[in-house]
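The values are calculated or read from the model by the stated rules, or taken from the named source; none is laboratory data. Just so it is clear, the structure is predicted and the values come from calculations on it, not from any experiment. Quick reminder, even Gly has a Cβ in these numbers, built from the backbone with ideal geometry, and neighbours come from all protein chains shown. With ligands, DNA and RNA removed, areas are computed over all heavy atoms of the protein, side chains included. Shrake-Rupley method; radii C 1.70, N 1.55, O 1.52, S 1.80 Å.
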Amino acid sequence: MASTVSDRPGYGQLLRTPGAWTFLLAGFAARQPFAMLTIGIVLLVQHTTGSYGSAGSVAAVTGVSMALFAPQTGKLADRFGQRAVLLPGVLVHAASVSVLTALALADAPLWALFAAAVPTGASVPQIGPMVRARWAAVLGAAPGRNASPLMSTAAAFESVTDEFTFVIGPVLATALCTGVHPAAGLITEAGLTLVGGLLFAAQRRTQPAVRSTASGTSQRHASALSVPGVRVLAVAFLGIGAVFGGMQVSLTAFTEEIGRPGANGLLYGVFAAGNMLAGIACGAIAWKSGPRRRLIVGYAALTLTASGLWAVHSVPLLAGLGLLVGLSIAPALISGYTLVEALVPGSARTEAFTWLTGSVALGQAAAVTVAGRLADAHGASTGFVVPLVGTALALVTLVALRSRLTPARATITAARGAVHRDLDPVAATE
């Protein structure tokens with residue numbers, strides 16, 4: 001059932017949505033490990049091999065595997081239900097992380113670590129997209145219609161939640177790896193994934209309804225990637241992944257280079273905190289401009305702030321610039337996820353969200369690899385070039401293909417015997 005919204009929606013009204021807390025609390029616990037995975041791999045493999053390049057490559061294989069398999073996970077969740085996908089997924093992920101950890105500690109050859117990284121990435125639970133799909137279901141979002149005013153608030157809330165995990169996760173993983181044991185970060189990630197994923201899967205009442213594919217329109221059978229706007233957003237989100245991956249590796253290499261490895265978690269936490277604060281502000285503002293315009297403006301700001309990272313050589317200045325980069329990410333992320341509500345039918349929405357999540361993971365994987373190689377060969381500062389290049393290329397793509405981020409002017413949906421027409425959905429996305 002769609003919630004009743006007022007003229008001035010906000011976080012308070014969003015959180016009063018019936019059933020919201022049942023999936024929010026479990027979802028927060030389940031997504032926390034994801035923020036620990038990449039940095040946990042980098043720290044463990046760098047410790048056992050002595051190479052940031054090798055560590056970044058193993059993390060990259062995990063990211064690529066996730067990017068390739070995440071949309072299939074989303075498609076299966078749309079077809080069979082989230083619970084049916086999560087239960088086996090968290091078991092496979094916990095086992096895969098355990099194998100990867102054991103191989104790294106045994107000084108196994110790099111190809112063996114790559115082999116273990118594939119199922120590790122493929123089985124990463126897609127909790128964020130699943131939570132976003134639940135929001136869309138309980139708020140009654142539909143493609144081609146003006147979205148509920150609470151959808152933008154929900155997108156902002158999810159961005160804040162994601163970034164809060166990225167404030168806690170890297171700091172926790174770094175503290176465990178440096179203060180307890182190099183493998184402690186990954187071991188904790190596996191355990192939290194198993195417990196959190198099972199708790200989230202148990203929340204059956206709020207999961208989106210499974211739509212039958214036995215009959216009905218061809219729209220129900222189409223992949224989310226068949227929507228042109230989703231393809232553009234997927235390319236754009238590669239640049240956001242380049243920021244995350246480039247920052248993780250380059251900050252780690254920078255703090256090692258200056259002899260202050262303990263500052264790594266703090267610097268990345270400041271970066272993630274900027275994203276979280278911007279996300280809170282985005283959800284609290286009653287926007288007059290549409291998500292498409294906000295996406296392009298936010299991406300331009302992200303490219304501009306990322307352009308100075310490579311030239312900074314002190315911890316305070318890097319923390320300040322990292323904060324500005326973080327502040328610029330949230331508007332782009334939130335606007336992209338908000339656009340999905342207007343572009344994609346509910347029968348493919350989880351898949352659409354996983355394409356975006358997978359794109360972030362793929363961009364992160366490429367950035368981790370390239371930044372690691374650059375840091376090994378030319379010093380930590382050169383790794384910061386990766387976020388600049390990634391965001392600049394994505395911005396050019398967004399500007400050139402921005403017309404594809406507009407829903408059809410008159411969308412007709414024949415599902416359930418009802419016909420919906422939006423007289424001017426274009427205005428809703430400007």
Rounded to the nearest 0.05, FRET efficiency between K288 and F80 (Cβ-Cβ, R0 35 Å) equals 0.30
Volume in Å³ per residue [convex hull over Cα atoms, computed for segment 41-136]
85
For S51 and H313, compute 0.36 nm times the residue count separating them, minus their Cα-Cα distance, and round to one decimal in nm.
92.1 nm
Segment 230-386, accessible area per residue, ligands and nucleic acids excluded (1.4 Å, Å²)
31
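Given the Cα-Cα distance of E257 and H378 and 0.36 nm per residue of separation, how much length would full extension add, in nm? Intermediate values should be presented prior to the final figure.
On the way: separation 121, 0.36 × 121 = 43.56 nm, distance 1.16 nm.
Length difference between fully extended and current span is 42.4 nm.
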Taking the Cα-to-Cβ direction at L401 and at A106 and moving 7 Å from each Cα, how far apart do the two end points lie in nm?
4.3
